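The structure appears below as structure tokens.
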Amino acid sequence: MKECANCKQLRPIWKRVKNNGYCQTCSKILFPTKGLNKRSAKKINDDSSYSELRKEYLTKHPVCMAHLPGCTQQSTDVHHVKGRIGKNYLNTEDWVSLCRACHVLVENYPDIGRDLGFVKNRKQ
């Protein structure tokens, strides 16, 4: 326990700035941290569209397309063959339905996904 440079009370020092120690309460007031960035209106709209498209896609494609070891056969995930960046996020032509087990394998071992055609370069 040391004396806080701001409130002068004996408290655990939470943050040090220029050889001055500050308690947790004072440091949060004097040195506020920047919060998480809020999503833009476009991102909120895209996420809403994605949610609807994903639900429709999984309804139309209820069986896992990979059939890798540990496959449960029921698709629960949508895998984006070319990633989720930009236009690929909502492009259902580059989606495949996978069960969770197969999706984890494809994500963790991209060579397997590439061999099966589930991982492609964005420029292809």
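The values are calculated or read from the model by the stated rules, or taken from the named source; none is laboratory data. Nothing here was measured: the structure is a model prediction, and the numbers come from that model. All Cβ positions, even for glycine, are placed from backbone atoms using ideal geometry, and neighbour counts span all protein chains on display.
With respect to L105, determine if the residue is in contact with a Leu (Cβ under 8 Å, 6 or more places away or on another chain), at pLDDT 95 or above and either acidic (D, E) or part of a helix (DSSP H, G or I) (or both).
Answer is no for this residue.
Please state which one of V104, V81 is buried (at least 18 other Cβ atoms within 10 Å of the Cβ) and not small (G, A, S). Quick ask: steps written out before the conclusion?
On the way: V104 fails: buried (at least 18 other Cβ atoms within 10 Å of the Cβ).
V81 is the lone residue from the list that is buried (at least 18 other Cβ atoms within 10 Å of the Cβ) and not small (G, A, S).
Return the only residue of E93, E56, E3, E52 being out of contact with any His (no Cβ under 6 Å at 6 or more places or on another chain), among the acidic types (D, E) and farther than 30 Å from K120 by Cα.
Working: E93 fails: farther than 30 Å from K120 by Cα; E56 fails: farther than 30 Å from K120 by Cα; E52 fails: farther than 30 Å from K120 by Cα.
None of the others qualify; the one that does is E3.
Name the single residue that is nearest to Y50 (Cα to Cα) among those in region 74-101 being touching a strand residue (DSSP E or B) at 6+ places or on another chain (Cβ under 8 Å) and in a helix (DSSP H, G or I).
Here the answer is Y89.
I need the full set of residues from region 60-85 which are on the phi > 0 side of the Ramachandran plot and over 15 Å from the mean Cα position of the chain (by Cα), in order please.
Initial filter on region 60-85 (on the phi > 0 side of the Ramachandran plot): 67, 70, 73, 83.
Selection gives H67, G70, Q73.
State yes or no: is V96 crowded, with 19+ Cβ neighbours inside 10 Å and closer than 19 Å to K43 by Cβ?
Considered against the rule, which asks whether it is crowded, with 19+ Cβ neighbours inside 10 Å and closer than 19 Å to K43 by Cβ, V96 comes out as no.
Quick check on my filter: what residues within region 70-104 are without any contact (Cβ under 8 Å) to a residue 24 or more places away in the chain and within 16 Å of D115 (Cα to Cα)?
H80, V104
With the requirement that a residue be under 31 Å from the mean Cα position of the chain (by Cα) and either in a helix (DSSP H, G or I) or under 14 Å from K2 (Cα atoms) (or both), what does region 26-41 give you?
Initial filter on region 26-41 (under 31 Å from the mean Cα position of the chain (by Cα)): 27-29, 31-41.
Once the filter is applied, which keeps residues that are under 31 Å from the mean Cα position of the chain (by Cα) and either in a helix (DSSP H, G or I) or under 14 Å from K2 (Cα atoms) (or both), region 26-41 yields S27, K28, I29, A41.
Within region 18-41, can one find any residue that is surrounded by 16 or more Cβ atoms within 10 Å (Cβ to Cβ) and among the aliphatic types (A, V, I, L, M)? Before you say what the answer is, go through the steps one by one.
Residues of region 18-41 surrounded by 16 or more Cβ atoms within 10 Å (Cβ to Cβ): 21-23, 26-27.
Narrowing the set further to residues that are among the aliphatic types (A, V, I, L, M) leaves none.
No, there is no match, as no residue in region 18-41 is surrounded by 16 or more Cβ atoms within 10 Å (Cβ to Cβ) and among the aliphatic types (A, V, I, L, M).
Where residues in region 4-25 are outside any loop (DSSP other than H, G, I, E, B) and in contact with a strand residue (DSSP E or B) (Cβ under 7 Å, 6 or more places away or on another chain), which of them is farthest from S75 (Cα to Cα)?
If we take residues in region 4-25 being outside any loop (DSSP other than H, G, I, E, B) and in contact with a strand residue (DSSP E or B) (Cβ under 7 Å, 6 or more places away or on another chain), then L10 is farthest from S75 (Cα to Cα).
Could you please give the count of residues in region 108-123 that are in a loop (DSSP other than H, G, I, E, B) and either outside the structural domain of V81 (by TED's automatic domain parsing) or touching a residue at least 12 places away in the same chain (Cβ under 8 Å) (or both)?
Number satisfying all stated conditions: 7.
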